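Quick note: the coordinates plus some simple rules give every number you see, no bench work behind them. Not measured: the values here are computed from a predicted model. Positions of Cβ are backbone-derived with ideal geometry, glycine not excepted, and every protein chain shown enters the neighbour counts.
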Amino acid sequence: MSDSQSPLRPPLITGDKSLGDVTRDICAPMHCKPTGLWWAGFLVSLAALILGFTAVWYQIAVGIGTWGLNKTVGWAFDITNFVFWVGIGHAGTLISAVLFLFRAKWRTAVNRSAEAMTLFAVMCAGIFPLIHMGRPWLAYWMAPYPNTRGSLWVNFKSPLLWDVFAISTYLLISAIFWYVGLIPDLATIRDRSKPGLRNRITSILSLGWNGSARTWHRYETVYLLLAGLATPLVFSVHTIVSMDFATSVIPGWHTTIFPPYFVAGAIFSGLAMVTTLMIIARKTMRLEDYITHKHIERMCLLMLSMGCIVGLAYGTEFFMAAYSGNAYEQFVFKNRALGPMRWAYWTMVTCNVGIPQLLWFKSIRKSLPMVFVIVVFVNIGMWFERFVIIVTSLHRDFLPSSWAHYTPTSIEIATLAGSFGLFFTCFLLFCRIAPAIAIAEVKGAAHLKKHAAPKSVDAQQIAQTESVSPEESLTKVT
Amino acid sequence: MTNRVLLATFDDDEDLLAATTAAREQGLHIVDAFTPYAVHGLDRAMGLAQSRLTWVCFICGMLGALGMLWFEHETAAVWWPIDVGGKPWDSLPSDVPVAFEAAVLLAGFGSVFALFAVCRLFPGKKPTNVFPRTTDDRFVLVIDEADSSFDLPSVRQMFGEFNVIDVEERVSDGGSIL
């Protein structure tokens, strides 16, 4: 019993495509030469990546002193960037796993690139905890293994260690979820490709997939299980990241709102980044029939709801501080809005709460350039949110004699640019070598009807072939 | 032992579903079906039992969680307890995040490796497509002709009612039906 699609619902794939068309359209960007636009983006990203790599090399060789940190502000760009990138990764898992559990069929056009985005974002995120250690070459000490230091074990009570396990698990599970989803598509590419390197690589990686329904049955089970595992994983990973701050004692950090606040913010920022990539991808790879206006519309509505939750969280924080009567907590919020770093705070509020309100208006949601501008602002705002939380809470805490200012050095800015470079380089390469849309999933969700007759045939022939409809065939059997 | 099989090719998933249901109702022995995507309801039409991989996932998850909890307890409370901020040696609440992550990791990887093992998927396996377009836009139903009461013309006619594109007979020598 196949589920039928209501005729009132706009089609998932526009343009009256057949199954063969879907395969051809999605595989096309992998075969044709990269466009000038792709090269421009790739070279800029590569340049940023090389700049960041140089900055990181210099910083590891010379020391953390090359950053603008001081005793008061011990964490700034490093952890801001870490939380920023982990947050971006979470939207990919939301689209893949959570929307799968909700049976939202529209996710099939965006989930492949969203998951790829997650992988690259988590890779970028993982760089920062590594490089922010004083001795990154000893990073392996974070792993619990029997050793010659008396067998000194790691401190399982520390959120910083929970982070190690959470981020590693998140990276590995995202990778396996992405790969398992890719296997049928790799088989499709294998069967279409002529003998050569592409054929050999897809043959190996597709594990001999042949479309057997028995295998599909087990595969769908495992996919559902992975989605069911990835969903609590998303929530747990960003909760654990928030615990890095929440388990401390500093006003502005030590608050129980952080776990849901961080998760909502992560999903918000991640959706903005996915939408940015979607708008670019659909245009440059000519996938407008697959990543339709309806998809962008739904992403906008999700972002709007998440943005409202984030705004509510800001308000709650402020209210709790005011209501608590705790002078230190109240000071933190006064300082954020009115102190020397108020420019960062008001950037954050404008970009995260103010600008997304434009998404209430359908005319704005329908305009892709407007949506693109809004999501870029959201990304900027969410970076500033983490910056505000970390730096403004640190730079003026309990003891006024410890108060200090913070200014980033060129090394830190270059490292941030480098992380964007790594992310976009990886994503642009992904668009060239892998199908950017999940071919099998989008076919399964779109309920494409086979063409009754070729379009060039005259009306009488079409009437004759359409006279035997599937419904009539079914009644004949029973 | 040679085996004759019948391959019925369709270009629409609903036709395949209806044909599979009809074939099963007629008592035909379905070897397998090949589709470019997971057709909703096909497993029920073929009479496939629910997969036991869910149990593998659950057991691996439990092993991960309990194993990690044991490890955390041993390191922090038995092998070398270290006083960090006066916190108790064996604190179950603080053990939960890492144990949860280990559970998810083991459950995920366990299920996937079990899937590969059960479906015999491994790198370097030669593709065994019965029909080249089964990964593109064709749906194939494979029926076993082993039953002596198998009547080819009536089966062909039945498939014809479901807009079958092609009906082909093949002989398999106990191995593949390529």
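Values computed for the structure shown
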read-out: Wholly within the range B:1-119, helices (runs of 4 or more DSSP H) carrying at least 1 residues that are in contact (Cβ under 8 Å) with a residue 60 or more places away in the chain and within 25 Å of the chain's Cα centre (by Cα); value: B:13-25, B:53-73, B:92-118
read-out: Filter result for the condition that a residue is surrounded by fewer than 18 Cβ atoms within 10 Å (Cβ to Cβ), closer than 30 Å to A:Pro232 by Cβ, touching a residue at least 24 places away in the same chain (Cβ under 8 Å) and within 24 Å of the chain's Cα centre (by Cα), over A:Leu160, A:Leu182; value: A:Leu160
read-out: Residue match in the range A:138-148 (condition: assigned to a loop (DSSP other than H, G, I, E, B) and buried (at least 18 other Cβ atoms within 10 Å of the Cβ)); value: yes
read-out: Tally, over the range A:253-298, of residues that are within 14 Å of the chain's Cα centre (by Cα) and in contact (Cβ under 8 Å) with a residue 60 or more places away in the chain; value: 15
read-out: Evaluation of A:Thr425 against (1) under 30 Å from A:Ile183 (Cβ atoms); (2) part of a loop (DSSP other than H, G, I, E, B) (one fails), failing number; value: (2)
